[in-house]
Every structure is written in C-alpha cells, then in structure tokens.
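Structure first, commentary second.
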Amino acid sequence: GAGLLAVWALTRTLDGPALRRRLALPVEVVAVSALVGLYLLLKTNGLRYSSTDEGLYFYAAKLWADGKQPYRDFFFSHPPLHIALPALAYKLGGYHFLIGKWLSALAALGGALAGWRMARRHLGVWQGVLALGLTLMAGEVLQASTNLTGINLTTCWLMWGLWAVSGQRFLLGGVLLGAAASTGFY
C-alpha cells in the first residue's frame, strides 16, 4: 500500500500533463514489476505440502504424463484441462512437486494480469495498477494460489477470455472461455 501511495504521489507532483503522459508508462512498468515481484516472493512461502486434495491432481497428472488415459485407465471427476497442463509440464520436465505448485501460482498471476489489462483499457493506467495490486495482495489469492485445485487455472482462462471479448476478439475469447469450462466448474 505504501508503494502504491508513493507512486500515486509521484505522478501527482510531476510538472504538467505532457510530462506526466511521457513518464506514465515507465512508472507503470516499475509499479507492475514491483507488484509481480512481491507476489512471487510471497508465493515462495506457499511452496510446501498442503492438506488439500491437490495430491490427487498431482498424481493424476503424473499418470497422464506416463501414458495412462484419464476416464479410462484411472478415475477422474473433473474436466480434462484441470490436469492437462500439469501433465504436459511433467511430460516435458519430469515430475516434480514444485512444478505443480508454481503452475498454480503462475496461473493466478496470469488471471490478475488479465484483470490489470482490462482495468487499464477501460478505467485508466493507475486504476489498472490498483486492480492488479488489490488482486495479487488479496488474502484469498495469497492463501490459495499455490494449491493445484484447478480454480486458479480456470480463473486464468476466464479472465483472459473476458479480456479478449472486451476487446472484441470474439474467436479468441470463445476459445479461452471454452478452456475455462474444460478446466473446472466453480
């Protein structure tokens, strides 16, 4: 909050609207980078085992990466994209616990970045930065974004789908919103 207040105060004390416009992008880049960096730093605390059902999803993704088919070779009660991205990551990089943890945290970050882009487009530069900061520093996001329960992946697809539709990119929006529905129903 103090960082956002300092950035806001700095932009208000600049001389003239032309200088403010010229400096708006670099200051915005610094503000967004600082928020993303702080979020990633805070997420390192959540990279540990949890008592949620994400272990089932880690195992299902590992089975799929090893060639087993969901719904045929093992029971899976969620849509396929819930474990498709972790399975692809495990297939490419081998199974590791931290891959699934970071995938979920990065999906939450991706959804927040889509919200920033929409707020920036429709409300303004600093409202977008504020939306990003409030989203990334929300207690529920910080608490649950390292659990691979599917909600973060679904939200990421959903937010980018809404971003595409709000920019009149309807085909891309439909594909992304379809991906959200194929990841989870929440």
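The values are calculated or read from the model by the stated rules, or taken from the named source; none is laboratory data. Computed from a prediction, not measured in an experiment: that's the story for all the values here. All Cβ positions, even for glycine, are placed from backbone atoms using ideal geometry, and neighbour counts span all protein chains on display. The protein model used for the area step is the full one, side chains on, heavy atoms only, and it has no ligands, DNA or RNA in it. Shrake-Rupley method; radii C 1.70, N 1.55, O 1.52, S 1.80 Å.
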Kindly state which helices (runs of 4 or more DSSP H) lie completely within region 97-186 and contain at least 1 residues that are over 20 Å from P86 (Cβ atoms), open to solvent by less than 40 Å² (accessible area, probe 1.4 Å) and modelled with pLDDT of 95 or more.
97-122, 125-136, 151-166, 170-181
Subset of region 133-152 (residues that are closer than 27 Å to K62 by Cβ and of a type in the set (S, T, Y)):
S145, T146, T149
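Conditions tested, residue by residue: (1) closer than 26 Å to Y49 by Cβ; (2) out of contact with any Ser or Thr (no Cβ under 8 Å at 6 or more places or on another chain).
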| residue | (1), (2) |
| --- | --- |
| P86 | yes, yes |
| G100 | yes, yes |
| G111 | yes, no |
| G115 | no, no |
| W126 | no, no |
| M137 | yes, yes |
| I151 | yes, yes |
Options L176, L172; residue that is without any contact (Cβ under 8 Å) to a residue 24 or more places away in the chain, in contact with a Phe, Trp or Tyr (Cβ under 6 Å, 6 or more places away or on another chain) and over 25 Å from A34 (Cα atoms):
L176
Out of curiosity, is V32 over 18 Å from I151 (Cβ atoms) and open to solvent by less than 20 Å² (accessible area, probe 1.4 Å)?
yes
Only one of (1) outside any helix (DSSP H, G or I); (2) within 26 Å of L158 (Cβ to Cβ); (3) open to solvent by less than 70 Å² (accessible area, probe 1.4 Å) does not apply to G67, and that is (2)
